[in-house]
Each structure stands twice: as C-alpha cells, then as structure tokens.
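Enquirer: Below is one structure. I have some questions about it.
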Amino acid sequence: MKSGFMFAAVVPAFFAITAQAGEYDALKISAGEDFFDKECHRCHSVDADRASYGPLLNGVVGRKAGSFEGYPYSEVLQNAGFVWTEGAIRAWMEDNDGLVPGTKMRHVGVSDPTVQDFIVSYLASLTE
Ligand code: HEC
C-alpha cells in the first residue's frame, strides 16, 4: 500500500521537475541567441551555407580550434592545438587575446558569466 502511494506521488513530481529543467534550457538557448546576435553575429555566421568574416560556429563545441574546413585562420589559431570545450569558449569570450594572443579576432570581452553561459548554451544547441 505504502509503496503504491510513493510511486503515485514521486513519479509525477519527477516528471514535473524534468519538464521545468527543459524549459529553463530552452530559455537559456533563446537568451543566448539574442546575446549572440548582439555580440558575435556581425562576424560569425551560424548558417552552414554562408561564409562570414569569422569562421562558422555551428558545431564549434567539441571542434578542434582553427579547424573549420576552408576558413583562412591565423597561424596562431590554426596551431593552437586544443579543442573548444564550453569552458574554453567562455574563456575566449572573456578575453580572447589573453587565451590565444595574436589571432585575427578583435578583442571581444564578454565578462558576465551569465551571458557567457547563455551564449555557450546557444552554441551547444547548434548542430552542423
Ligand atoms: C569583430 C569580429 C568578431 C566578433 C565580434 C566576434 N568574433 Fe569570433 N572570430 C573572429 C575571427 C576573425 C576569428 C578567426 C580568428 C583567427 O583565425 O585568428 C574568430 C574566431 C572565433 C572562434 C574560434 C573558432 C574556430 O573554429 O577555432 C570562436 C569560438 C569565436 N570566434 C567565438 C566568438 C563569439 C562567441 C563571439 C561573441 C561573443 C565572437 N566570436 C565575436 C571575429 C569575430
């Protein structure tokens, strides 16, 4: 009897929490898109058909730095030798010249961790 009650009470609560987490992710992604439009879009396309001044950022999370086929990277970024983790992208947004000095990307400086988090969520939501 008791365990039947637990099941009826706990399982719906679990699904309610999961649904809320999904909504929060969707909000983060859409806020990230707004910040991306303000801070990054003028140089970076996220549309696989269109080249831009900066490299395409679809699928950048987990991609090796300086490796998007056909983009004319600076030599320093091409030889940077690391993979873009979410943490690396945060550090890059905060101070790209500090992370990899001498690249072609003008200093950007998004220092608010919440904004960084939103933009990273947005980028992570894009597939190639
Ligand atoms: C003024 C133009 C400009 C703006 C604004 C800009 N970028 Fe860039 N970005 C570049 C250029 C140019 C490169 C290539 C640098 C190189 O090859 O040295 C680059 C490279 C990158 C890379 C490395 C990609 C790879 O394939 O290795 C990431 C990640 C990146 N930018 C993210 C961002 C994000 C996130 C923003 C917004 C917060 C942003 N950029 C804003 C011009 C810009």
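Enquirer: If you wrap a convex hull around the C-alpha atoms of the range 2-125 and split its volume per residue, what is the figure in Å³? Working shown, then result.
Expert: Values: hull volume 16.5 nm³, N = 124.
Cα-based convex hull of the range 2-125, divided per residue, equals 133 Å³.
Enquirer: Could you pull the accessible area for ARG42 with a 1.4 Å probe, rounded to 10 Å²?
Expert: Approximately 150 Å² of ARG42 is accessible to the 1.4 Å probe.
Enquirer: Sequence-distant or interchain residues sharing an amide H contact under 5 Å with VAL83, placed H: which?
Expert: ALA65
Enquirer: For the range 18-61, what D do you get in µm² per second when you plug the Kirkwood radius from alpha-carbon pairs into Stokes-Einstein at 37 °C and 0.692 mPa s? If you can, show how the numbers build up before the last one.
Expert: On the way: Rh = 11.7 Å.
In µm²/s, the coefficient is 282.
Enquirer: Further, regarding this structure: Pull out a ≥ b ≥ c, the square roots of the eigenvalues of the alpha-carbon gyration tensor of the range 33-99, then state rounded if a/c is under 1.5, prolate if not and a/b is larger than b/c, and oblate in the remaining case.
Expert: oblate
Enquirer: What whole-number value in Å² describes the accessible area per residue of the range 48-120 for a 1.4 Å probe? Can you show the working numbers first?
Expert: Values: 3970 Å² over 73 residues.
Accessible area per residue: 54 Å².
The values are calculated or read from the model by the stated rules, or taken from the named source; none is laboratory data. Bear in mind that the values here come from a model prediction, so they are computed numbers and not experimental data. Protein only, heavy atoms only, side chains kept; ligands, DNA and RNA dropped before computing areas. Shrake-Rupley method; radii C 1.70, N 1.55, O 1.52, S 1.80 Å.
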